[in-house]
Amino acid sequence: VGFAVGVAERDQLITGEHVRADDVLIGLPSPGIRSNGYSLARRVLLEVAELPLDGPAYEGAHHSLADELLVPSVIYAPAVLALQRVVDVRAVVHVTGGGLAGNLTRVLPKGLDAEVDPRTWEEPRVFGEIRRLGQIDDAEMRKVFNLGIGMVVVVPASDAFRAIDVLRSNGHRATEIGTVRKGSGEVRFT
């Protein structure tokens, strides 16, 4: 795990303050666990289920559990920078510790909710295995893991199709995963 430091002009920061009801949530996929949730994954997969690191990641897998756990993070910056040049990006959410719910709430202005439909993307199989083997409920999984969405961008509904096209042309399988609605600052999974 590493880090990067950058410089930005204050007037160009994307803070989420311009997020409005009916804006669209666009998810960018993440192929694996990344850097958050390893404590729970280790406990479930290695201690509870006693799976060997050199064995298959799950039934039918053609790669080892070690390879599954070491899938590298995706770099989203070039695609998001390209997106900023053509649409009004109102918020950018890097889904790390706290999962989708915890990270989306950070960009919701007062009086708005995020409605997320988990059926709109394919969850990497490793998360289903952790859920099943550890008997972990969906609410806890959503608090700990990205569940296959590593970044969310929030754009006006009128820009959604264009945003998805730009993100896909930059190598990401972007998909609409939800909508911003009037509410009380919650993230709801539909």
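The values are calculated or read from the model by the stated rules, or taken from the named source; none is laboratory data. Everything quoted here is computed from the prediction, not taken from an experiment. So basically every Cβ, Gly included, is an ideal-geometry build from the backbone, and we count neighbours across all protein chains shown.
So here's what we get for this one:
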item	result
Residues within region 29-66 that are in contact with a Gly (Cβ under 7 Å, 6 or more places away or on another chain) and loosely packed, with under 15 Cβ neighbours inside 10 Å, tallied	1
Tally of residues being touching a strand residue (DSSP E or B) at 6+ places or on another chain (Cβ under 8 Å) and basic (Lys, Arg) across region 141-188	5
Those residues of region 28-78 which are aliphatic (A, V, I, L, M), part of a helix (DSSP H, G or I) and within 25 Å of PRO118 (Cα to Cα), in sequence order	LEU40, ALA41, VAL44, LEU45, LEU65, LEU69, ALA77
Boolean, LEU81 is without any contact (Cβ under 8 Å) to a residue 60 or more places away in the chain, surrounded by 14 or more Cβ atoms within 10 Å (Cβ to Cβ) and hydrophobic (A, V, I, L, M, F, W, C)	no
Failed condition for ARG106, given (1) assigned to a helix (DSSP H, G or I); (2) surrounded by 15 or more Cβ atoms within 10 Å (Cβ to Cβ)	(2)
Matching residues in region 139-170 - criterion: being at pLDDT below 95 and surrounded by fewer than 18 Cβ atoms within 10 Å (Cβ to Cβ)	ALA139, GLU140, LYS143
Considering residues of region 109-138 that are in a helix (DSSP H, G or I) and of a type in the set (Asp, Glu) only, the residue surrounded by the most Cβ atoms within 10 Å (Cβ to Cβ)	GLU129
Flag for ALA4 being aliphatic (A, V, I, L, M) and under 19 Å from ILE149 (Cα atoms)	no
Enumeration of residues in region 41-62 that are of a type in the set (Val, Ile, Thr) and under 15 Å from PHE127 (Cβ atoms)	VAL44
